[in-house]
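Below is one structure; the comments refer to it alone.
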Amino acid sequence: MSAVAAPGASAARLPGAGARPSRPRRWPARVVVLAVLVAITAWSWVAVDVDLAVIAHNFSNAQNTLVQLFQPDYSFFGETLQPLLETIQMAVIGTAVGCAVSLPLSFLASRATNPNGPLLGFVRTVMNVVRSIPDLLYASIFVTVVGTGALSGVLSLFLFNLGIMVKLISEALDGVDRGGQEAALASGATWLQADRAAMLPEVAPQYVSQTIYVLELNIRASTVIGLVGAGGLGMLIDRVRTFYQYHYLSLVILEILVLVLLLELLSSAVRKRLVR
Amino acid sequence: MSAAPTLVAPGRATTQDRPRKPANVTRKALWLVVVAVVVAAFWGVDISWGALWDMPGKLWHYLGLMFLPPAWSKLPDALSATMLSVAMAWFGTALGVVISFPLSLLATRGLAPVAVRWPLRAVFALLRAVPEVVIAVLMLSVTGLTAFTGALAIAIGSVGTLGKWGYEAFEAVDGGATEAATAAGASRAQVMRWGVWPNAAPEVLAFWLYRFEISVRASAILGLIGAGGIGKMLIDNIQFRVWDVVGILMIVVVVVTMLIDQISGTVRHRIITGRWEVPVVTALRRRSARAARLEASPSILEDDSRSGTVG
Amino acid sequence: MSGEQFEGAGLRTRTGAGIRFEHVNVTYPNGYQGLRDVSLTIEPGEMVAVVGLSGAGKSTLVRTINGLVPITSGEITVGDVSDGGPADGAAAGATYRLSALRGAAQRRLRSEVGMVFQSFNLARRTTVLNNVLVGRLHHTPTWRSLLGAWRADDVELAMQALERVEIVQKAYSNASELSGGQQQRVAIARTLAQQPRVILADEPVASLDPPTSHVVMRDLQRINADLGITVVVNLHFLDLARRYGQRMIGLRAGEVVYDGPAADADESTLEEIYGRSLTAEDVLDAPPAVLE
Ligand SMILES: Nc1ncnc2c1ncn2[C@@H]1O[C@H](COP(=O)(O)OP(=O)(O)O)[C@@H](O)[C@H]1O
Ligand SMILES: [Mg+2]
C-alpha cells in the first residue's frame, strides 16, 4: 500500500485517515435567497414600469435642453449670490440650534445617563419617529404651515438634525466608560451633575466632530429643500426650471457642487484632527 | 481655628508650585469665530423670528388636524403608493449595484492602473456631491420624471456611494490572502475571486443593503418633487390641505421606514456576524439567559480583575 | 448645614465619623446573599482593612456604607455611634441611618463619605482639576456645575487636595495622560475635596504595581493619621492589610470571620479567613513566609 495517493489511484487512502467530511449542502439556501432577490427585482421592474423607448424618445426631444445644460450662463452668478448666502445661513442656524438642543436630548436618550426608564423610552421613541421623516417632507409641511421662505427651511433642518445628532451622541454615551459618573454619584452629586461633570467631557470630541458632519449634511440638504419652497438655492432651482432657463439651472447646480465639495474637504480635514 | 487640621499637610503647605492655568488661545479664537459665524447667520437671514411665537400653537393645531383622527380609509391607497416607492428604491439600488460593482473593482488599488482608478474615483466623488434630488431635477428636465426615471436618479446616486464603499472594502482586505493567491500563480481575476472577494463579500453585501435603506428615504423625497409613490401622494394632499390624509401618510412613512430599517439591519447583522439576531426575540432571549446565568453562578458581576487567584 | 461645613482659605476637614453595622443582610436582586448578619462598630478615626477572597463580599460591605448597595435588613449608622447617643452636641456632624436613606438625604451622606475605586473612575478626557472638583459637586448649585463655573473656594480646596497627594503640577493635564498611580492619587484628592468624614477604598491598589501600591497606601495612611478621617480599605493582599491597617476585618462568604488588631493576625488566622493555605498570590511583595 503506497503512502501517498497518486493521482488516479482513487481507492488508495492514507492509513488512519478518517472518513472524509461530506460536502456541506449550502446551495439550497443560496438558491432560495437568490430566487427571492430575483423575484423582488422582477417585481420592482414591473412596478416602476421600465420603458426605455419613452425615455429615448423624450431624450431625443431634449437636445436643446441638453445643450443649455452644458453651457452654464455665468452672467447669472450675481443673482445666485443671495440664495446661496441664504442656503449657508439656513444650514448654519439649523446646525447651531439643532446641535445645541440635541445635547440635553442625547443625555435623556442614553441608558447610561438617564436612570428613568419610562422617560428614556419616551424620548427614544419620539426621536426614532423624528428621524424617520425625511427633510424634504418636513419642509413641505412647514411651507404650508408657516409659508415659503427660510423659516420653513430652518425648522425642517432643525428637526432633521435632532434626529441624527441624538442618535449619534446617545450611542456614543452608551459606549462611554462610566467610572467617573459612578464616582460623582458616590460623592453625593445628582445624576444631572454627574452626567455633566463626568460624561459630557467623554463625548465632547465626538460631539464636535458630529456637529461638523451635520453641518456638511445641512449644506447639502439646504440646497434642495427650497424645491418645495423652503428658501435658499432650491427655490432658485425651482424658479429657473419652471421658466426653462437651463443654462441658469446648470450654473446653480455647479455652485452646489463646488459648495458641497469644499465643505466636505474642510469637514474631513477638521474631523481628522479632532479624532486624535 | 488654627488647631483644626487643614487639608494641607503641615510643613509642606504651599511649597509646591501650582501650575498656571493654560491660556488656550487657539481654542478661544476658534470659539469666537464659530460664535461670530452663527450670530452673523442669525443677523443676516431673512426671517422674522416673531413668527416663532405662535409656532407651538399652530403646530399643535395642525397635528390635531392630521392625527385626530388620521384618514384610516386611505390606508390601502397609502400602502400601494408605498409599494411603488419601495419598488423605486429597490430597482434603483439594484441597478446601482450592477453598475457600481465592476466600476469599484476598477477603482481598487492593485487591480487596475492609476489612469483608470483616479478618473473613476473622481466620478464617484462627483456623484456623491450632487444630491439625488438635483439629479432628479435634471432627469425631470431631460426625460420627464416618472417612477422609472426616479429609480434611475437613485441608481446614479447609489453609484457614487457604493463605488466608494466598494473600493474601500476591497482595499481593506488583508494583503495576505491576495499575496498567497498571487504566489500560487493565480491570474488577476482569480486573485480577485479567491483572494479578495471572500474577505470583502460580507461587508460589501451589507453596504448594498444599507444603501437600500438610504434609497427608501430618497425615493419618498423624489416623490415629493413628482416621481410618484408615497411622496407624490403626500405633496398632493399637503398642497390641497387634506390634513387627515397627510396624517395617515406620515404614519405609513414612519412605520414603513422603521420596518425596513429593522429588517435590513437584521439581515446585515446576519451577513456580517453569521448569526441571526432578531431585535425583539433577542432581547427576550438575552433576558432569560441572564437570569439563568445568575442562577447558576452569581459571580458574573464580579468586577475583580484578580478573580483568577481564587483557589 | 452651616455648622459642619467650613469655608474660606482655612479649609479644615471634619472629624471622622463612626460606622456601626447591626445585623446587616444584603440580598442581591438575583437572590444571592452578599452579606450575612454583619454586626460591627468602627470608631471615628480608625483605619480598617477588610480582607477576604474574591467574592467574599468586601465590595458589598464598603458599598453599603455609602448606599451604593442597599441593605436588605438590619441597620447601618454613620456618624455618632457612641453608646447612649451624642455625648456633647458640638463634637460631631450629622448622623445617618442608612436603612431608610433616600434621595437628597442619601446624597448628603455620600458627600461626607469619599470613595476610592479599583479602576480610579476618572473622567479621562477632562482635566485633573475638574476631576477633583467632582468632589465639590454636592456643595455646588446645579447651574454652576452645568456651566462649569466653580467657586474660587472650591478650586482652592481642590488645589490643596492635589497638593496633599503631591500631584498639583498635573492640575491642568488631562486625566488620561497620567500613569495608573497618579490617577489613583487624583482619585484620592477627589475624595479629600469632599472634606469627608469617612473614606472608603475598594481595592485601591489592585490595578497598580507594587511600589506604586505602597505610595497610595501611605497616602491613605497619612490622611487617616493627619486628618482623623475614618478609613475603610478593602485589600486583596494580606501583607498590605497587616502593614497599613490598625484593625483587620476578615470576610468569608458574606460573614465576618475575623475582627481584631491587624498586627495580631498570623498565618493561621489568615488561612482561616481564606479557607485555604496561603500562596504567593495573596501577598504583594514576598512569599507568605515573610508574614511571620
Ligand atoms: N449586583 C450584584 N448582583 C448580584 N450579585 C452580586 C452583585 N454584586 C456582587 N454580587 C455577588 O456578591 C458576592 C460578593 O461580591 P463582592 O462584594 O463584589 O466581593 P469582593 O469584593 O469581596 O470580591 C459575589 O459572589 C458577587 O458575585
Ligand atoms: Mg470587589
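Under 6 Å between Cβ atoms, at least 6 apart or on separate chains: pull out the pairs that start in segment C:105-116 with a residue that is in contact (Cβ under 8 Å) with a residue 12 or more places away in the chain and end on any residue that is assigned to a strand (DSSP E or B) and open to solvent by 10 Å² or more (accessible area, probe 1.4 Å).
From residues that are in contact (Cβ under 8 Å) with a residue 12 or more places away in the chain, the pairs are C:Leu109/C:Tyr96.
So in segment A:20-42, with the set limited to residues that are surrounded by 10 or more Cβ atoms within 10 Å (Cβ to Cβ) and small (Gly, Ala, Ser), which one is farthest from B:Ile271 (Cα to Cα)?
That would be A:Ala42.
Is segment B:129-136 home to any residue that is more than 14 Å from every other protein chain (Cβ to nearest Cβ) and open to solvent by less than 20 Å² (accessible area, probe 1.4 Å)?
no
So B:Asp46 passes all but one of these: (1) assigned to a helix (DSSP H, G or I); (2) farther than 30 Å from C:Ala171 by Cα. Which condition number does it fail?
Unmet for B:Asp46, out of (1) assigned to a helix (DSSP H, G or I); (2) farther than 30 Å from C:Ala171 by Cα: (1).
Which is more than 9 Å from chain A (Cβ to nearest Cβ) and at negative phi, of B:Ile221, B:Ile225, B:Ile260?
One residue alone meets the criteria, B:Ile260.
What residue, among those in segment C:37-54 that are within 14 Å of chain B (Cβ to nearest Cβ) and either surrounded by fewer than 24 Cβ atoms within 10 Å (Cβ to Cβ) or farther than 18 Å from C:Ile273 by Cβ (or both), is nearest to ligand 1 (Cβ to nearest atom)?
Applying the filter and picking the extreme gives C:Ser54.
Open to solvent by 20 Å² or more (accessible area, probe 1.4 Å), at pLDDT below 90, touching a Leu at 6+ places or on another chain (Cβ under 8 Å) and at the interface with chain A (Cβ under 10 Å from one of its Cβ atoms): is that true of B:Ile271 in this structure?
Spelling it out, it is not the case that B:Ile271 is open to solvent by 20 Å² or more (accessible area, probe 1.4 Å), at pLDDT below 90, touching a Leu at 6+ places or on another chain (Cβ under 8 Å) and at the interface with chain A (Cβ under 10 Å from one of its Cβ atoms).
I'd like to check something: does segment C:17-24 contain any residue that is more than 16 Å from ligand 2 (Cβ to nearest atom), modelled with pLDDT of 90 or more, closer than 19 Å to C:Pro261 by Cβ and among the β-branched types (Val, Ile, Thr)?
Yes, that holds for at least one residue.
Every residue in segment C:105-122 that is more than 16 Å from ligand 1 (Cβ to nearest atom), at pLDDT 90 or above and of a type outside the set (D, E, K, R), please.
Keep residues of segment C:105-122 that are more than 16 Å from ligand 1 (Cβ to nearest atom), which gives C:105-114, C:120, C:122.
Filter once more, keeping what is at pLDDT 90 or above: C:106-114, C:120, C:122.
Answer for segment C:105-122, where residues must be more than 16 Å from ligand 1 (Cβ to nearest atom), at pLDDT 90 or above and of a type outside the set (D, E, K, R): C:Gln106, C:Leu109, C:Ser111, C:Val113, C:Gly114, C:Phe120, C:Leu122.
So which residues in segment C:249-292 are assigned to a helix (DSSP H, G or I), open to solvent by 40 Å² or more (accessible area, probe 1.4 Å), at pLDDT 80 or above and hydrophobic (A, V, I, L, M, F, W, C), if there are any at all?
Of everything in segment C:249-292, just one residue is assigned to a helix (DSSP H, G or I), open to solvent by 40 Å² or more (accessible area, probe 1.4 Å), at pLDDT 80 or above and hydrophobic (A, V, I, L, M, F, W, C), namely C:Ala263.
What pairs can you find where one residue is in segment C:55-68 and at the interface with another protein chain (Cβ under 9 Å from one of its Cβ atoms) and charged (D, E, K, R), the other is open to solvent by 10 Å² or more (accessible area, probe 1.4 Å) and more than 9 Å from ligand 2 (Cβ to nearest atom), and their Cβ atoms are less than 7 Å apart, with a gap of 6+ or different chains?
The qualifying pairs are C:Arg63/C:Val69.
Could you check segment C:200-219 and list, in sequence order, the residues that are hydroxyl-bearing (Ser, Thr, Tyr) and open to solvent by less than 10 Å² (accessible area, probe 1.4 Å)?
Result: C:Ser213, single match.
Only residues that are among the polar types (S, T, N, Q) and either at positive phi or not in a helix (DSSP H, G or I) (or both): list them for segment B:120-158, please.
If the condition is that a residue be among the polar types (S, T, N, Q) and either at positive phi or not in a helix (DSSP H, G or I) (or both), then B:Thr143, B:Thr146 are the ones that fit.
Across segment B:32-56, what is the total count of residues that are farther than 18 Å from A:Thr87 by Cα and either away from every other protein chain (no Cβ under 11 Å) or surrounded by 12 or more Cβ atoms within 10 Å (Cβ to Cβ) (or both)? Walk me through it before giving the result.
Here is the first cut: in segment B:32-56, the ones farther than 18 Å from A:Thr87 by Cα are B:32-33, B:35, B:50-56.
Still in the running and either away from every other protein chain (no Cβ under 11 Å) or surrounded by 12 or more Cβ atoms within 10 Å (Cβ to Cβ) (or both): B:32-33, B:51-53, B:55-56.
Residues in segment B:32-56 being farther than 18 Å from A:Thr87 by Cα and either away from every other protein chain (no Cβ under 11 Å) or surrounded by 12 or more Cβ atoms within 10 Å (Cβ to Cβ) (or both): 7 in total.
Please verify whether B:Ala115 is modelled with pLDDT of 90 or more and crowded, with 22+ Cβ neighbours inside 10 Å, treating the condition exactly as stated. Before the answer, list the steps.
Values: modelled with pLDDT of 90 or more: yes; crowded, with 22+ Cβ neighbours inside 10 Å: no.
It is false that B:Ala115 is modelled with pLDDT of 90 or more and crowded, with 22+ Cβ neighbours inside 10 Å.
Checking B:Arg20 against (1) more than 11 Å from every other protein chain (Cβ to nearest Cβ); (2) assigned to a loop (DSSP other than H, G, I, E, B); (3) loosely packed, with under 10 Cβ neighbours inside 10 Å, which test does it fail?
With respect to (1) more than 11 Å from every other protein chain (Cβ to nearest Cβ); (2) assigned to a loop (DSSP other than H, G, I, E, B); (3) loosely packed, with under 10 Cβ neighbours inside 10 Å, B:Arg20 is out only on (1).
Does segment A:52-74 include one or more residues that are aliphatic (A, V, I, L, M), closer than 23 Å to B:Ala89 by Cβ and touching a helix residue (DSSP H, G or I) at 6+ places or on another chain (Cβ under 8 Å)?
Taking segment A:52-74 first, the residues aliphatic (A, V, I, L, M) are A:52-56, A:62, A:66-67, A:69.
Within this subset, residues satisfying the condition of being closer than 23 Å to B:Ala89 by Cβ are A:52, A:54-55.
Okay, now just the ones that are also touching a helix residue (DSSP H, G or I) at 6+ places or on another chain (Cβ under 8 Å), so A:55.
Yes; the residues of segment A:52-74 include at least one that is aliphatic (A, V, I, L, M), closer than 23 Å to B:Ala89 by Cβ and touching a helix residue (DSSP H, G or I) at 6+ places or on another chain (Cβ under 8 Å).
Could you list all residues from segment A:164-180 that are surrounded by 24 or more Cβ atoms within 10 Å (Cβ to Cβ) and within 12 Å of another protein chain (Cβ to nearest Cβ)?
A:Gly180
Is it the case that segment C:214-234 has a residue that's over 24 Å from C:Thr15 (Cβ atoms) and within 16 Å of ligand 2 (Cβ to nearest atom)?
No, the conditions are met nowhere in segment C:214-234.
Pick from segment C:154-192 the residues that are at pLDDT 90 or above, touching a helix residue (DSSP H, G or I) at 6+ places or on another chain (Cβ under 7 Å) and at the interface with chain B (Cβ under 8 Å from one of its Cβ atoms): which of them is nearest to C:Val205 (Cα to Cα)?
The residue in question is C:Leu192.
Is it true that C:Pro141 is modelled with pLDDT of 90 or more, of a type outside the set (Gly, Ala, Ser) and away from ligand 2 (no atom under 16 Å from the Cβ)?
Yes, satisfied.
If I ask for residues that are within 10 Å of chain A (Cβ to nearest Cβ), open to solvent by 30 Å² or more (accessible area, probe 1.4 Å) and touching a helix residue (DSSP H, G or I) at 6+ places or on another chain (Cβ under 9 Å), which ones from segment B:238-255 would you list?
B:Gln239, B:Arg241, B:Ile251 - these are the residues of segment B:238-255 that are within 10 Å of chain A (Cβ to nearest Cβ), open to solvent by 30 Å² or more (accessible area, probe 1.4 Å) and touching a helix residue (DSSP H, G or I) at 6+ places or on another chain (Cβ under 9 Å).
Out of A:Arg220, A:Arg196, which single residue is open to solvent by 10 Å² or more (accessible area, probe 1.4 Å) and either touching a Pro at 6+ places or on another chain (Cβ under 9 Å) or modelled with pLDDT under 90 (or both)?
A:Arg220 is the lone residue from the list that is open to solvent by 10 Å² or more (accessible area, probe 1.4 Å) and either touching a Pro at 6+ places or on another chain (Cβ under 9 Å) or modelled with pLDDT under 90 (or both).
Do you know which residues across segment A:235-246 are facing chain B (nearest Cβ under 8 Å) and open to solvent by less than 10 Å² (accessible area, probe 1.4 Å)?
A:Ile237
Take the residues in segment C:69-97 that are surrounded by fewer than 19 Cβ atoms within 10 Å (Cβ to Cβ), at pLDDT 90 or above and in a loop (DSSP other than H, G, I, E, B); name whichever of them is nearest to ligand 1 (Cβ to nearest atom).
C:Val69
Taking segment C:143-153 only, how many residues are within 14 Å of chain B (Cβ to nearest Cβ) and either within 21 Å of the chain's Cα centre (by Cα) or hydroxyl-bearing (Ser, Thr, Tyr) (or both)?
Qualifying residue count for the region: 0.
Looking only at residues that are more than 14 Å from every other protein chain (Cβ to nearest Cβ) and in contact (Cβ under 8 Å) with a residue 60 or more places away in the chain in segment C:18-35, which one is nearest to ligand 1 (Cβ to nearest atom)? Quick ask: steps written out before the conclusion?
Taking segment C:18-35 first, the residues more than 14 Å from every other protein chain (Cβ to nearest Cβ) are C:18-25.
Next, only the ones that are in contact (Cβ under 8 Å) with a residue 60 or more places away in the chain stay: C:18-20.
Working: C:Gly18: 22, C:Ile19: 17, C:Arg20: 20 Å.
It comes out as C:Ile19.
The values are calculated or read from the model by the stated rules, or taken from the named source; none is laboratory data. Owing to the predicted nature of the structure, the values given are computational and were not obtained by experimental measurement. Because the Cβ atoms are built from the backbone with ideal geometry, glycine has one as well, and the counts that use them run over all protein chains shown. Calculation scope for accessible area: heavy atoms of the full protein, side chains included, ligands and nucleic acids excluded. Shrake-Rupley method; radii C 1.70, N 1.55, O 1.52, S 1.80 Å.
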